[in-house]
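Here the structure comes first, spelled out in C-alpha cells, and everything after it is commentary.
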Amino acid sequence: QVQLVESGGGLVQAGGSLRLSCAASGRTFSTNAMGWFRQAPGKEREFVATINWTGSSTYYADSVKGRFTISRDNAKNTVYLQMNSLKPEDTAVYYCAADNAIGLLTKTSRYDYWGQGTQVTVSS
C-alpha cells in the first residue's frame, strides 16, 4: 500500500501563489506516475498535472498550463505543485494520486492511490 498526504493548501488572494506538497510512504516503488487533481463543489474531479518517475516528462490541463508547475523529489518521496497567478476558479480540494504505471496518466481511473486532499481557496 501507498499512503499519500497532501499539505500546503490555504486561502490566498487572486494573483497569489501556493505550493502544494504530497508526501508518499509505504510501497513508494509503486509511485512511478504521480498526478494532481482537483474537485470543486458540485463538480467532478478533474485532472490538473502529471509527472513521470524521473521528472523528465510532465503534462498539464489547459486551464493551468503556464501557471502551475509539477515537480518531484524522489529522495524525499514527495511531489509538488507550484501554483502561481491563482484565480478564483482554481478554488477546489486538490488531491495527489500515484500509480505504478510508467508514463503520464491523466484519468482518475488510472490511479490506484489517492490522498485525502487539501483545500485551496482563492478570493477575488
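For the stretch 75-90, the Karplus equation 6.51 cos²θ - 1.76 cosθ + 1.60, evaluated at θ = phi - 60°, returns couplings of 5, 9, 6, 9, 10, 10, 9, 8, 10, 10, 6, 5, 10, x, 6, 7 Hz by residue, with Gly and Pro reported as x. Only Lys, Arg, Asp and Glu carry charge here, each on its Cβ (+1 for the first two, -1 for the last two); on that basis the chain has a dipole of about 100 debye about its Cα centre. For the chain, a Gaussian network of Cα nodes joined below 10 Å ranks 63, 25, 17 by mean-square fluctuation, and the top entry is 63. Each semi-axis of the equivalent ellipsoid for the chain is √(5λ) with λ an eigenvalue of the Cα gyration tensor; in descending order they amount to 23, 14, 14 Å. Solvent-accessible area of residue 4, all protein chains in place: 10 Å² (probe radius 1.4 Å, heavy atoms, ligands and nucleic acids excluded).
Size descriptor for the stretch 64-124, Kirkwood hydrodynamic radius: 13.3 Å (Cα pairs only, one decimal). Looking at the chain, the accessible area is 51 square angstrom per residue; that uses a 1.4 Å probe and ignores ligands, DNA and RNA. Look at the alpha carbon pairs under 8 Å that are at least 6 residues apart: their mean separation over the length of the chain gives a relative contact order of 37 percent. Note on residue 58: accessible area approximately 60 square angstrom, rounded to 10, probe 1.4 Å, nucleic acids and ligands left out.
The residues 46, 6, sorted by heavy-atom accessible surface at 1.4 Å with ligands and nucleic acids left out, run 46, 6 from largest to smallest.
Restricting the stretch 45-115 to trypsin sites (Lys or Arg not before Pro) that sit in a DSSP loop and have at most 14 other Cβ atoms within 10 Å of their own Cβ leaves 65, 76, 107.
The share of accessible area on the chain that comes from carbon and sulfur is 46 percent, using a 1.4 angstrom probe.
The values are calculated or read from the model by the stated rules, or taken from the named source; none is laboratory data. Here the structure is a predicted model, which is why all the values come from computation and not from measurement. Note: ideal-geometry Cβ built from the backbone for every residue, glycine included; neighbour counts use all protein chains shown. These accessible areas exclude ligands, DNA and RNA; they are computed on the full protein's heavy atoms, side chains included. Shrake-Rupley method; radii C 1.70, N 1.55, O 1.52, S 1.80 Å.
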